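**Student:** Following this message is one structure expressed as structure tokens.
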Amino acid sequence: MEKSAPHLTLAKQYWRAHLKPGDIAIDATCGNGHDTLYLSQLILSDPSSAVFAFDIQPEAILSAETLLKKHLSPDHFRRVLLNRRTHLELNAVPLPYSPRLIVYNLGYLPGGNKQVTTKTDTTLESIKLSLELLADDGAISVMCYPGHGEGAKEEKALVDMASHMSSQDWTVCHHKWINRPNSPTFLWLAKAS
Ligand code: SAM
């Protein structure tokens, strides 16, 4: 069996501990759909749950659709809403109620065009929208890739923003694997209860 990268394993542990059936989740960078699928499997057993996924690339949406159709029942697949639009438009899509989790897996589409990558300014803007959209006990998960130029800039800007969030209102942590410089890192922003 393929060994999952540590940042993905850790992120999934957080998602599993946080989400419950009945929740709404958003995948703000759905890519090939692996994270969307995992989120779907965690919550869609409850018929009121739905997953909303966003990506700007048609090939990403197509690839995600193929993966989801293969692994989900038709009823569950119907409740995964794939949006070929930027995550700057997260608030343009009507949601039945506030999402409890919004995930970002930054960078470029694996196997795709490396020039089409998430960008610091738009990612920050989108995360600000997410902070507004979240349910009262919601959380935002971000996987950062400082191993490439834009990714390093993006991570720095996000960590800077997150470290200034009110500690009364937010629980914030940043996990990095300190004996592996430039390896992916994981940021978790949870509304403090
Ligand atoms: N979560 C994916 C998976 O499980 O396969 C991997 C995501 S991949 C690392 C990052 C994705 O972000 C790419 O597919 C890219 O097209 C997408 N992306 C880049 N800019 C975006 C934007 N402004 N809005 C939404 N998606 C964007």
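The values are calculated or read from the model by the stated rules, or taken from the named source; none is laboratory data. From a predicted model like this one, the values you see are computed outputs, not experimental measurements. All Cβ positions, glycine included, derive from the backbone under ideal geometry; neighbour counts span all protein chains shown.
**Student:** Please go through segment 25-43 and give me each residue that is assigned to a helix (DSSP H, G or I) and more than 6 Å from the ligand (Cβ to nearest atom), ordered by number. Before the answer, list the steps.
**Tutor:** Step one: of segment 25-43, the residues assigned to a helix (DSSP H, G or I) are 34-43.
Result: 36, 37, 38, 39, 40, 41, 42, 43.
**Student:** If a residue must be within 18 Å of the chain's Cα centre (by Cα) and either loosely packed, with under 14 Cβ neighbours inside 10 Å or assigned to a helix (DSSP H, G or I) (or both), how many such residues does segment 172-193 contain?
**Tutor:** Count: 1.
**Student:** What are the residues in segment 112-128 that are under 20 Å from residue 39 (Cα atoms) and more than 11 Å from the ligand (Cβ to nearest atom), if any? Write out each step before concluding.
**Tutor:** Here is the first cut: in segment 112-128, the ones under 20 Å from residue 39 (Cα atoms) are 126-127.
Passing the criteria: only 127.
**Student:** Report yes if some residue within segment 9-23 is within 23 Å of residue 124 (Cα to Cα), in contact (Cβ under 8 Å) with a residue 24 or more places away in the chain, within 15 Å of the ligand (Cβ to nearest atom) and in a loop (DSSP other than H, G, I, E, B); otherwise report no.
**Tutor:** no
**Student:** Continuing with this model, one more query. Within segment 44-77, take every residue that is assigned to a loop (DSSP other than H, G, I, E, B) and more than 8 Å from the ligand (Cβ to nearest atom) and give me the one that is surrounded by the fewest Cβ atoms within 10 Å (Cβ to Cβ).
**Tutor:** The selected residue is 73.
**Student:** Quick check on my filter: what residues within segment 1-43 are surrounded by fewer than 22 Cβ atoms within 10 Å (Cβ to Cβ) and among the polar types (S, T, N, Q)?
**Tutor:** The answer is 4, 9, 13, 32, 41.
**Student:** What do you reckon, is residue 80 within 12 Å of the ligand (Cβ to nearest atom), surrounded by 13 or more Cβ atoms within 10 Å (Cβ to Cβ) and among the hydrophobic types (A, V, I, L, M, F, W, C)?
**Tutor:** Considered against the rule, which asks whether it is within 12 Å of the ligand (Cβ to nearest atom), surrounded by 13 or more Cβ atoms within 10 Å (Cβ to Cβ) and among the hydrophobic types (A, V, I, L, M, F, W, C), residue 80 comes out as no.
**Student:** As an exercise: evaluate residue 99 against (1) touching a Phe, Trp or Tyr at 6+ places or on another chain (Cβ under 6 Å); (2) part of a loop (DSSP other than H, G, I, E, B); (3) modelled with pLDDT of 95 or more and give the number of the one condition it does not meet.
**Tutor:** The failed condition is (1).
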